[in-house]
Amino acid sequence: MPENEISQVSRRQFLKNAGIIVGGTAVGSSFILSACKDREIEVTKEVTKTVQVTTVKATFVCPVCSQEFDSISALASHLDSAHPGEVETITKFVCPFDNTEFGSISELKTHIESEHLVAEPLDPSIVTLNVNGVNYLLRVNNHETLAWTLREQLGLTGTKIGCDMGQCGACTVLADGVPIYACLKLSREAEGIQIETVEGISDGHELSPLQSKFQKIDAVQCGYCTPGFLMAAKGLLNVKPNPTEDEVRLALSGHICSCGNFKKTIEAVKGGV
Ligand code: FES
Ligand code: FES
């Protein structure tokens, strides 16, 4: 073949001339053939994959004789005719809340929706909170925590929020003298309880003896955890004025100091004030 004709040879013609039969199943396979006087001719073949689809057919099996059917209605007819009275049908629906019985699922559903699914009021509640001996009349959202109300509504920011999930102790306040995590207490549930925060343990001018001891021993570094430790310590000293180290460790075990100042904190509480 003359050289000036080589560039014009078609792919089909080349394959025919070369006597090559291309077969196979790969998609987008490329063949580089070095022939025709050192010129390269690229032959590309695309083959569409064949996908085999399998359809699954549901089978309904008779629970009495194991005979199979194509539809639920065919099975139901079979049960009626071949096994009358042999299969127990559900005729009683029992309320899981109060055990009232109903004849149908729709009756039970209506009962549960009307009697047991009472939506909580979305409106904020008006509550009276007693904090550090002062009564406050407050409007609080139903999901509002005591820690949030103390800080954001009353401005008592001595109560810190660290984890906001009951793991660090930074939010600890006293509820009727007992340490609690204020981040786990809803404000609307705190009515009728005497709440004491870190602001309440001094007179606003002089540090309390416990605070003075913390200061003297350097039981404070950044101070973020300190109000929580102070309130937990005060809760302990309310019932154990002269606690041992083990008692202090136990009482403060729900508190985390990111600065790692545990040793001096325990020392400050041990033996009381
Ligand atoms: S903020 Fe309440 S336990 Fe951490
Ligand atoms: S003193 Fe900093 S976290 Fe405790």
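The values are calculated or read from the model by the stated rules, or taken from the named source; none is laboratory data. This structure is a prediction, so every number in the text was calculated from the model and none was measured. Note that each Cβ is placed from the backbone with ideal geometry, even for glycine, and that neighbours are counted across all protein chains shown. Note: areas computed on protein heavy atoms with side chains; ligands, DNA, RNA excluded. Shrake-Rupley method; radii C 1.70, N 1.55, O 1.52, S 1.80 Å.
Taken over the range 251-273, the criterion of being under 20 Å from Thr197 (Cα atoms), open to solvent by 60 Å² or more (accessible area, probe 1.4 Å) and within 16 Å of ligand 1 (Cβ to nearest atom) is satisfied by Ser253, Ile256. Answer yes or no: is there a residue in the range 176-199 that is of a type in the set (S, T, N, Q) and without any contact (Cβ under 8 Å) to a residue 40 or more places away in the chain. No. Restricted to the range 71-98, and to residues that are at pLDDT 80 or above and among the charged types (D, E, K, R), which residue is least open to solvent (accessible area, probe 1.4 Å)? Taking the candidates together, the pick is Asp98. Those residues that are touching a Lys or Arg at 6+ places or on another chain (Cβ under 7 Å) and small (Gly, Ala, Ser), I need them from the range 202-228; list them, please. Within the range 202-228, Ala219, Gly228 qualify. Residue check: Val248 meets all listed conditions (1) open to solvent by 20 Å² or more (accessible area, probe 1.4 Å); (2) part of a helix (DSSP H, G or I); (3) free of Cβ contacts under 8 Å to residues at least 24 places away in the same chain but one, namely (1).
The single condition among (1) in contact with a Phe, Trp or Tyr (Cβ under 8 Å, 6 or more places away or on another chain); (2) of a type in the set (A, V, I, L, M, F, W, C); (3) over 20 Å from Ala233 (Cβ atoms) that Trp148 does not satisfy is (1).
Residue-wise test of (1) on the phi > 0 side of the Ramachandran plot; (2) among the aliphatic types (A, V, I, L, M); (3) surrounded by 12 or more Cβ atoms within 10 Å (Cβ to Cβ).
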{"residue": "Asn135", "(1), (2), (3)": "no, no, no"}
{"residue": "Glu144", "(1), (2), (3)": "no, no, yes"}
{"residue": "Gly155", "(1), (2), (3)": "yes, no, no"}
{"residue": "Thr159", "(1), (2), (3)": "no, no, yes"}
{"residue": "Gln167", "(1), (2), (3)": "no, no, yes"}
{"residue": "Tyr181", "(1), (2), (3)": "no, no, yes"}
{"residue": "Glu199", "(1), (2), (3)": "no, no, yes"}
{"residue": "Gly204", "(1), (2), (3)": "yes, no, no"}
{"residue": "Cys222", "(1), (2), (3)": "no, no, no"}
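With respect to the conditions (1) more than 16 Å from ligand 2 (Cβ to nearest atom); (2) closer than 17 Å to Asp164 by Cα, Asn242 falls short on a single one, namely (2). Evaluate the following for Thr145: is it touching a helix residue (DSSP H, G or I) at 6+ places or on another chain (Cβ under 6 Å), of a type in the set (S, T, N, Q) and either at pLDDT 95 or above or in the same structural domain as Asn261 (by TED's automatic domain parsing) (or both)? In short, yes.
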